[in-house]
1. Mind checking A:88-94 for the average number of partner chain beta-carbons within 10 Å of each residue's beta-carbon?
2. Arrange B:68, A:107 by Cβ neighbour counts within 10 Å, fewest through most, would you?
3. For chain B, modelled as a GNM with alpha-carbon contacts under 10 angstrom, which of B:74, B:217, B:159 fluctuates the most?
4. Comparing B:13, B:86, B:226, which has the greatest mean-square fluctuation in the GNM of chain B with Cα pairs linked when under 10 Å apart?
5. What ranking of B:91, B:70 emerges when the number of other C-beta atoms within 10 Å of each C-beta is taken as an exposure proxy, fewest first?
6. Along the positive direction of the dipole of the range B:33-191 (beta-carbon charges: Lys, Arg +1; Asp, Glu -1; about the Cα centre), which of B:157, B:182, B:139 reaches farthest?
7. I need A:99, B:170, A:11 ordered by Cβ neighbour count within 10 Å, fewest first.
8. When only C-alpha pairs under 8 Å and at least 6 residues apart count, what is the relative contact order of chain B, in percent?
Amino acid sequence: MAQVLVVDDTDHALDLLGYLLRDRGHVALFARNGEEAVTAALKLRPDLILMDLHMPLMDGYEALAAIRGSDRAGACPILALTAFGEVGEREKAHAAGFDGFFSKPITPETFMDQLEGFLGGDDRRGAP
Amino acid sequence: MKAVIADDLRNERLDRLLAGAGHQLRTPLNSVLGFTEILLMGLPGPLNEEQRRQLHNVRSGARLLETTIDNVLDLVRIESGTLNVRLELVDVGSVVNEVCSNIQPIAKEKGLSLEVEIPAGMTWCTNRRAFSRILVNLAGNALSFTDAGGVQVRGVLGDGVSSARVDIVDTGIGLPEAERELLFEPFERGSARRDGRGGTGLGLHVSRRLADLVGADIAVESTPGRGSIFSLISRRD
């Protein structure tokens, strides 16, 4: 069981990912923008963060930088999940320091398998 | 000079507009596909046969919409010359595995095998996203037009005589010779239109245009009733 922080500005996305995480026995924590994500990451120290990239107030890139810069939550895997399937976004996300990159729409079963590959040490099965 | 700046501005605006449109279209689709899949997995509870059949229809319609969104956006970018296809050294196995893991559920539903055979360390000077989009289209088509057996994606290294290529081999319905080139025309679906199979008739057209931009060709061999091989062939080796 892991604690996963899901950061997304759409209710449906939080609902969907929360459901899938709970189904696999994990605890889902939620944040609706980058600012909330940073606060939650530092306070709750999740095992993994699933981050939308484009959100109001503070986007995923800024939130990643703030979390990575902290001693409290800096080491946890942070995965990008975005509906921007555009040219160069994946490269930009990897260059920024995201550990994985996933595009919406997701395929729940495979997505959850890949996400769990990032939990528990070096057994990483997700996208490079 | 002014004209060049105006063109750049126009292209930048178009690029932002298309990126925004893609985002706005994929976000609701994530809900449609995601929740449909959860229901089909039976997570909230068991389904009866009719509910399952209807949800399968929702899912296949939504998947078709997903492919269409990506292909239409790519086509607009290609036509307007705003598609950025920077070439890079791509690990063929990693892209093929990623694409195949995404379409594996479709193979599973149809009871088809989906095999990957890429030589270790095979690289290709291409654009990762364009390469991935071409594979999604070709392998997705192969699954759509195969009812028994399966699909194999295999890489063949260039050796100075032959060029490097990736073959998508299926045991599907095959293509009559007269349709092979026709199918690369936009919205041309050949006999697929008659037997109601998936596809909007943009995938092959967009794939060939993308291949051209990254210095590759798409060739097709087929035996009706036995299967087809669509090959992405590098022009560089």
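Every read-out reported here was derived from the displayed coordinates using simple, explicitly stated rules and does not represent laboratory data. Computed from a predicted structure; not experimentally measured. Methodologically, a virtual Cβ is constructed for each residue, glycine included, from the backbone with ideal geometry; neighbour enumeration extends over all protein chains shown.
1. Whole-number average of other-chain Cβ neighbours for A:88-94 is 2.
2. Listed from fewest to most nearby Cβ atoms, that is B:68, A:107.
3. Its mean-square fluctuation being the largest, the pick is B:159.
4. Maximum among the listed residues: B:13.
5. Ranked by crowding around the Cβ, least crowded first: B:91, B:70.
6. My answer, from the dipole projection, is B:139.
7. A:11, A:99, B:170
8. That works out to 17 percent.
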